[in-house]
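Have a look at the structure below, then the notes.
Every number here is computed from the coordinates shown, using simple stated rules; none is lab data. Just so it is clear, the model here is predicted, and its values are computed rather than measured. Using ideal geometry, Cβ is built from the backbone for each residue, glycine included, and neighbour counts are taken over all protein chains shown.
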Amino acid sequence: MNWKTLKSEYLFKDLWFTVRKDTCERPDGKIIAPYYVYEFPTWVTAVALTSSGEFIFEKQYRHALGLTMFEIPGGCVDPEDASLEDAVARELKEETGYVFEKFTYLGKTSANPSTHNNWMHFYLATGGEKLVKQELDDFEDIEVHLLQLDEVKRMLKENEIVQSMHSTALFYALHKLGELEY
């Protein structure tokens, strides 16, 4: 069922977003053109727990939706990161000021496999201690909130966590923690 890419043309390239126009051939010989692909860096996120078991959430404004919302920490894998785990540890430290004892890989997901070429990898980070101040990028304005398990479950149940990849990570983490059966 895989398609063959006959031609690719880059229409736009920037630091975190690239648009490519492909011409593809299906196995039955049909040509698909144009087919647009959005290239993004690899992303990482973590369901992060303090050493006392509180869930670390971030509250921030998201311009595309025009909403201020709760999310879990995460970001892009940088070329300097030696591994996905190093990337998520760096993101957690920069965005929250917390450092963690243990990271457990939970899996990966795609925001939209029909148009996006990247993965979001998610972790469960445990044993978090606040050791440093936040080191936010110029465009970031992040409030750190510590939530109890019951509050996180309520937010998921009432669809208050709208970032789909973060909801996915939370469901996998809750299952790993023995707090969700399915």
Per DSSP helix of 4 or more residues, -39500 (n - 2.57); summed, then divided by the residues of the chain. What does that give at 222 nm, rounded to the nearest 500?
-6000 deg cm²/dmol
Go from 0 up to the bin containing the longest alpha carbon distance in the chain, width 5 Å each, and give me the % of pairs per bin.
1, 7, 14, 18, 18, 14, 10, 7, 6, 3, 1, 0
Bins of 5 Å, starting at 0 and running to the largest distance - Cα pair percent for region 103-145
5, 15, 13, 14, 23, 19, 8, 2, 0
Pairs of lysine in the chain with Cα under 19 Å and at least 8 positions apart or on different chains: total?
19
Please report the base-10 log of the normalised intensity I(q)/I(0) for region 83-182, using a Debye sum with one equal scatterer per alpha carbon and no solvent, at each q in 0.13, 0.15, 0.16, 0.20 (1/Å).
-0.54, -0.73, -0.84, -1.29
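Using packing as a proxy for protection, rank 106-117, 46-57 so that the peptide with the highest average count of other Cβ atoms within 10 Å comes first. Write out the running numbers ahead of the final one.
Details: 106-117: 13.5, 46-57: 20.5.
Per-residue Cβ counts within 10 Å, averaged per peptide and sorted highest first, yield 46-57, 106-117.
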